[in-house]
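The values are calculated or read from the model by the stated rules, or taken from the named source; none is laboratory data. Remember, predicted model here, so these are calculated numbers, not experimental data. Methodologically, a virtual Cβ is constructed for each residue, glycine included, from the backbone with ideal geometry; neighbour enumeration extends over all protein chains shown. Heads up: the accessible areas ignore ligands, DNA and RNA and are worked out on the full protein's heavy atoms, side chains in. Shrake-Rupley method; radii C 1.70, N 1.55, O 1.52, S 1.80 Å.
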Protein chains: 2
Amino acid sequence: MDHKFEWQEQRMTTPDGVYRTLRAAILDGTVPPGGQLREAHIAADLGISRSPLREALTKLEEEGLVVKIPYRGAFVVEVSAREVAEIDSVRLLVEPYAAELSAEALRGPERPQLLQTVEDLHRAMEQDDIPASIDAHLRFHRLFYDLSGHGVLQSLWNGWETKLRLHLSVDHRTYSEDPHQLVVEHERLAAVALEGDTDAFRQELAAHFPMGLRAQTGDRGERTPRHV
Amino acid sequence: MDHKFEWQEQRMTTPDGVYRTLRAAILDGTVPPGGQLREAHIAADLGISRSPLREALTKLEEEGLVVKIPYRGAFVVEVSAREVAEIDSVRLLVEPYAAELSAEALRGPERPQLLQTVEDLHRAMEQDDIPASIDAHLRFHRLFYDLSGHGVLQSLWNGWETKLRLHLSVDHRTYSEDPHQLVVEHERLAAVALEGDTDAFRQELAAHFPMGLRAQTGDRGERTPRHV
DNA sequence: CTCTGGTCGATTGTCGACCATTTTCTGGGT
DNA sequence: ACCCAGAAAATGGTCGACAATCGACCAGAG
């Protein structure tokens, strides 16, 4: 087996560097969902001991990108459509609240940032730059949580973003189906957020989500690797 | 259903055991809020090495029960009123949804459990049994999340319960002020939940929370130990 | 052929040690 | 009483080695 993992940047502290390297490898598909991360192998590739590597894996587990099974190993999570639908169903409840809390900042100094993010999304879509569009897409929604000044809301989004990113990276039907539609939706979301119309925001958001939780099959969160 | 032999506890590795031990020690007040957790001392007490202990502390930090300060140590958090208010503000949005999702189970086989929990709370209050009342109180609200069949909602509550329990254990003005009022509120919550009236549930819940987020002073999450 | 039981290699879990970094204590000097 | 340098203690990070466990494979009995 040739070296799968290489240092992507220099000048990083060991555990954090390993963390970022593995995270990038997971998100760009180098390690597929369900794939196993073998400690000895990776440590040898990176030329480090298993201790900092295990710390990096722990961080990835906290973030929800990998699942560790005792005496079995660390596996990349497989985010199910069910789980994404569940996340969206909760976002539908809290994100309008986040938008409401950040309305003041959004109408003031942060207004350019919101518009810029929509613009970034637009450009990325025109050029079919999937990674960039995913990035702008998530940055857009994160904005409301960050600007809400609400610690609990911020931590909620932090727990969701990586899972959403992983899911979007694997399943980009959302983009290929109707690229323009997504941009329009976010323009509308930005507009109603600037108006401070919370109810309208909720309605636009509901339209933005692909489908409701009820439409999902009852496959109860397939979060375990396929070998179990 | 005819699995006669089942491992109730999943494979327990040392860090998990340490994690539960420390968690229990924190929640029952053995280690007071603001108290320090010394690695060497605990490791010697439990007869283990620092490696699994550090992993356990990391898990506690992730859960929000412990704060680690570089080169100073790990301290038990002091949950601020601000953070509880933030949690409640989000619960006000999602808990009615959880109640709605669990309405079916609640009207069916789980109905006795709901009524029993209210009864437990009632008895604990009459006897001024604070720990038992906190337990029944939290069990009541957990019920909606558990029965919702919604994994994300369940994990949300799991992330909140320990912090709420820690806060209630320290500051039980909520109970001493008007013991009977709290029981009545939960009887009403149970009633509207059984009726499936989501809006009424939200209103009762709002009345149940001591005060809104806006009434809080702007002390932005006092999560650091007192020595800082 | 199928099932049981044991062995073996691979992988993770745990340990003790070592050194670096930072904080805290201590004691002398002014 | 104040200040500062040095010592002592605690944590952070890393490593190599050993123990525990799992999955796969294989031999033998029915």
Original post:
Measuring label to label, 7 Å along Cα→Cβ, what does B:GLN127 give against each other copy in nm, shortest first?
Top reply: 6.9
**OP:** Give a quick list of trypsin sites (Lys or Arg not before Pro) in the range B:44-117 that DSSP marks as loop, anything other than H, G, I, E or B, with at most 15 other Cβ atoms within 10 Å.
**Re:** B:ARG72
Original post:
What list of whole percents do you get for P(r) of the protein assembly as shown, with Cα-Cα distances grouped in 10 Å bins up to the one holding the largest distance?
Top reply: 4, 17, 27, 29, 18, 5, 0
**OP:** Please compute the Cα-Cα pair-distance distribution of the range A:81-215 with 5 Å bins starting at 0, giving whole percents from short to long.
**Re:** 2, 11, 21, 24, 24, 14, 4, 0
Subject >> Rounded FRET efficiency, nearest 0.05, which uses the C-beta distance separating A:ASP16 from A:ALA207 and R0 of 45 Å >> reply: 0.70
Subject >> Dipole magnitude (debye, nearest 20) for chain A, charges at Cβ of Lys, Arg, Asp, Glu >> reply: 960
Original post:
Points 7 angstrom from Cα along the Cβ direction at A:ILE69 and B:ILE48: gap in nanometres?
Top reply: 2.2
**OP:** Provide an ascending nm list, one decimal, of label-point separations from A:LYS68 to the equivalent residue in each further copy; define each label point as 7 Å from Cα along Cα→Cβ.
**Re:** 1.1
Original post:
How far, in degrees from 0 to 90, does helix B:179-195 lean away from the longest principal axis of the Cα atoms of chain B, to the nearest 10?
Top reply: 60
Original post:
Helix A:151-170 versus the longest principal axis of chain A: what is the Cα-based angle in degrees, 0 to 90, to the nearest 10?
Top reply: 70
Original post:
If you project the alpha carbons of chain A onto the principal axes, what extent comes out on each, in Å, largest first?
Top reply: 54, 44, 36
Original post:
Can you give the percent of C-alpha pairs in the range B:14-59 whose distance is more than 17 Å?
Top reply: 24
**OP:** Give me the distance between the Cα centres of the range B:129-186 and the range B:95-128, rounded to whole Å.
**Re:** 12
Original post:
Going toward the positive end of the dipole of the range A:81-215, with +1 on Lys and Arg Cβ and -1 on Asp and Glu Cβ, which of A:ILE134, A:THR162, A:SER102 do you reach last?
Top reply: A:THR162
Original post:
Could you give the dipole magnitude of the range A:81-215 about its Cα centre, charging the beta-carbon of Lys and Arg +1 and that of Asp and Glu -1, in debye to the nearest 20?
Top reply: 320
**OP:** Mind giving me the nanometre distance, one decimal, between the label points for B:ALA191 and B:ALA81, set 7 Å out from Cα along Cα→Cβ?
**Re:** 3.0
**OP:** Return the carbon/sulfur percentage of the accessible area of the range A:81-215, one whole number, probe 1.4 Å, all protein chains in place.
**Re:** 49
Original post:
Beyond 20 Å, what share of the Cα-Cα pairs of the range B:67-134 remains, rounded to the nearest whole percent?
Top reply: 61
**OP:** Give the nm distances, rounded to one decimal, from A:GLN181 to the matching residue in every other copy, measuring between label points 7 Å along Cα toward the beta carbon; shortest first.
**Re:** 5.1
Original post:
If amide H atoms are built 1.01 Å from N in the plane of the peptide, which residues on other chains or at least 5 residues away come under 5 Å of the amide H of B:VAL66?
Top reply: B:GLU61, B:VAL77
